[in-house]
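**Q** Following this message is one structure expressed as structure tokens.
The values are calculated or read from the model by the stated rules, or taken from the named source; none is laboratory data. Remember, it's a predicted structure, so these values are computed and weren't measured experimentally. All Cβ positions, even for glycine, are placed from backbone atoms using ideal geometry, and neighbour counts span all protein chains on display.
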Amino acid sequence: MQPTSHRFIDNAHDALNNETLQQALGNVRVNFIEKRRIAVEALPEFDDLRKAGREIRDRVLSDLDTHLLAFEARVKEQGGQVHWCADADSARKTVLRICQEAGARRVTKGKTMIGEEIGINEYLEANHIEPIETDLGEYIIQLRHETPSHLIAPAVHVTQKQVEETFRKAHRDLDPQRNLDEPSSLLAEAREKLRQRFLSADVGITGANFLVAETGSSVIVTNEGNGDLTQTLPRVHIALASIDKVVPTLDDLTVLLRLLARSATGQEMSVYTTLSTGPRRVDDHDGPGAYHVVILDNGRSKLLGTEKQDLLRCIRCGACLNHCPIYHAVGGHAYGWVYGGPIGAALTPALIGLEETHHLPNASTLCGRCEQVCPMQIPIPNILRHWREEELRRGLAPVAMRRGIGIWAFFAKRPVLYRLATRIGARLLRNFAGKTGRLTRVPLAPPALTRGWTDMRDLPAPSGKTFHALYRQGKGAGR
Amino acid sequence: MSDRDTILASIRNHKRPSGAPLVTPPIPARGQVEGAERQALFVKMATAASATVELVDDPEIIPELVGQYLARHNLPSRLVLASDAMIANLPWADHPLIAHRTGPATGQDLVALTSAFAGVAETGTLALVSGPETPTTLNFLPEYSLVLLSASAIRGTYEELWRDLRDATNDGHDWPRTVNLVTGPSRSADIEQKLLMGAHGPRKLHILLLND
């Protein structure tokens, strides 16, 4: 996928001015937060589970090669195949080769973010294989030629009215006069359309929420059942996973499952959690004849042992997106690549480089809610700070910002000068504000640049004295 | 170097010891209950997930209950059955009006009845295991999913389920191709977060809980 993260500022402006998008995003702000809260409160052990989950992931990451090899050995023992892919190109080619060897013309897909990461749909299409998304949200956006804007609610940016328009345009064989007022009729139509495709697909591609080394299983977690039809009905099943998805045992899996659904949708458990292990057995009457797991690195192994390693604990629940004021305001597409929201802002620079993505770590107020709700306790604000430092160090930050911080640093490192400057500044600002004590525009700055700050609000002016001065007068804190 | 070697070398090159102390994960107290309490929890949680649960004291009446269920939902008197002993031994012959066959489901089947390996009370979840007698398609293709569960197969927690499955599969070496953990009927909230039942899998999940 061609990133547009370098355009983040423009993307964000467009998003803020897009009324339909703003209407759709309203659903995120209300629903997800409340449902998660209720589910978490219903499980007294939730916080201890977070600690345990974090420890499991840290332990696995500290010895990742061993766990991946154990997983591989078990998959082979069960008659499946494991394909290691260092980058997106290698993964695309591997998937295409498996499809071609199976003589595939039609591929159904369960939800897979790794599929988005490697751009598998475009690649298969270019090679004359038809990929069909089967998750309702993914199907909607595939018809609209869009990408997911949320980890678990890919079409959260689309309104019901837009879904209706999309279906009327795409399903031209159906009666144009049909009534699609109810969301249930939209669902029924998609179900009917996709059912035919499930039954005629040659290969099914799913993601993997987890890989279990103990049994050699790939695990998917869904509510619709589309992932299960995708991995059960076609002749070949390909599971796409990244290296960080492996857990040692079923009991470890259980800890992460107890965290996942509650953090994601506020369910006790998603409707379908399925462990797939190898191809159909000799006497089975259904299931795929071949089972492949593609394990993608794509830059993740280089994060091990760095301050960014914690990102690899992520279980893709989407809680950080659901609780992020920036995500609420601009949605997922503004981030310009596969992963949006706080986790996207922290992870994307690691996967496609800081040159393209250096705006993203700045798209945060560092309010800390993401870390607070993260089931894996990923210190996202800290990681964003690391990226900001690196941005400045590598000269990627805008000139005005670098100059501004340079000027501030010059004074901050010289206390006498700093105090003098703040004394002058505080007095000037107070005089500028006049009797009201409020600033209605930013002094000494071109209004065109600063209107955004002052059009809708005024700012409190300093009292005229610096903190140091007040402190010396005995009005300091605690006296 | 192959991709496999490249990835493994990169991991070995970068990985650092964790240093974090080992944590014993908590097992939710909710699920650590026995007997009637455990069964009640299972029913409560499954119902909360929008499944329906019907208690059955005598297996002999199951075909009759199935017939009533079909009638109640205005469904044709026809279904596809799993062929495990528990279902095969039921007196289907006494109910000639219920048309039935065994085997995997097709896109045309409206109703299926299969057997669960176990239930998990903690979340009201069914553990359905694939095999020649219990094909996976029975769990997903029909619009109405009926599942027979023995009360004695209800476990409190997932840890107990895994222990039983390891025991039943030669310590995992004969692990089944598919283990489906099913909690309620299929649903989607992909259109403006409105919850709709019956997305791709069954619209209804009906559990026949056999008191054994």
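**Q** Give segment A:61-90 a look and list any residue that's at the interface with chain B (Cβ under 9 Å from one of its Cβ atoms), buried (at least 19 other Cβ atoms within 10 Å of the Cβ) and under 22 Å from the mean Cα position of the chain (by Cα), or say none.
**A** Listed by number, the residues that qualify are A:L61, A:C85, A:A86.
**Q** Out of everything in segment A:152-166 that is assigned to a loop (DSSP other than H, G, I, E, B) and β-branched (V, I, T), what residue ends up being farthest from A:M113 (Cα to Cα)?
**A** So, considering only residues that are assigned to a loop (DSSP other than H, G, I, E, B) and β-branched (V, I, T), the one farthest from A:M113 (Cα to Cα) is A:T159.
**Q** Name the helices (runs of 4 or more DSSP H) wholly within segment A:364-426 that hold at least 2 residues that are out of contact with any strand residue (DSSP E or B) (no Cβ under 8 Å at 6 or more places or on another chain) and under 24 Å from A:Y327 (Cα atoms)?
**A** A:369-373, A:380-393
**Q** Identify, by number, the condition in (1) away from every other protein chain (no Cβ under 12 Å); (2) in a loop (DSSP other than H, G, I, E, B) that B:I61 doesn't meet.
**A** For B:I61, the exception is condition (2).
**Q** Determine which member of the set B:L141, B:L97, B:L146, B:L128 is more than 12 Å from chain A (Cβ to nearest Cβ) and crowded, with 21+ Cβ neighbours inside 10 Å. Before the answer, list the steps.
**A** On the way: B:L141 fails: more than 12 Å from chain A (Cβ to nearest Cβ); B:L97 fails: crowded, with 21+ Cβ neighbours inside 10 Å; B:L128 fails: more than 12 Å from chain A (Cβ to nearest Cβ).
Residue meeting the stated conditions: B:L146.
**Q** Hey, among A:N11, A:N31, A:N18, which residue is at pLDDT below 95 and surrounded by 15 or more Cβ atoms within 10 Å (Cβ to Cβ)?
**A** Residue meeting the stated conditions: A:N31.
**Q** Sticking with this one: May I ask you to say which residue of B:L22, B:L41 is in a helix (DSSP H, G or I) and either loosely packed, with under 14 Cβ neighbours inside 10 Å or touching a residue at least 60 places away in the same chain (Cβ under 8 Å) (or both)?
**A** Going through B:L22, B:L41 in turn, just one is in a helix (DSSP H, G or I) and either loosely packed, with under 14 Cβ neighbours inside 10 Å or touching a residue at least 60 places away in the same chain (Cβ under 8 Å) (or both): B:L41.
**Q** Tell me, please, whether a residue that is of a type outside the set (S, T, Y), facing chain B (nearest Cβ under 7 Å), more than 21 Å from the chain's Cα centre (by Cα) and over 27 Å from A:R50 (Cα atoms) can be found in segment A:257-276.
**A** Checking segment A:257-276: not a single residue is of a type outside the set (S, T, Y), facing chain B (nearest Cβ under 7 Å), more than 21 Å from the chain's Cα centre (by Cα) and over 27 Å from A:R50 (Cα atoms).
**Q** Return the residues of segment A:1-15 that are outside any helix (DSSP H, G or I) and touching a residue at least 40 places away in the same chain (Cβ under 8 Å); say none if nothing qualifies. Spell out how you get there, then give the answer.
**A** Keep residues of segment A:1-15 that are outside any helix (DSSP H, G or I), which gives A:1-4.
Answer for segment A:1-15, where residues must be outside any helix (DSSP H, G or I) and touching a residue at least 40 places away in the same chain (Cβ under 8 Å): A:M1, A:P3, A:T4.
Residue-by-condition table, conditions (1) outside the structural domain of A:R258 (by TED's automatic domain parsing); (2) of a type in the set (A, V, I, L, M); (3) modelled with pLDDT of 95 or more; (4) farther than 28 Å from A:E224 by Cβ:
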position	(1), (2), (3), (4)
A:L275	no, yes, yes, no
A:P279	no, no, yes, no
A:G287	no, no, yes, no
A:C314	yes, no, yes, no
A:Y327	yes, no, yes, no
A:I352	yes, yes, yes, yes
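**Q** Looking at segment A:181-240 only, could you name the residues that are part of a strand (DSSP E or B), closer than 13 Å to A:K109 by Cα and small (G, A, S)?
**A** If the condition is that a residue be part of a strand (DSSP E or B), closer than 13 Å to A:K109 by Cα and small (G, A, S), then A:G204, A:A239 are the ones that fit.
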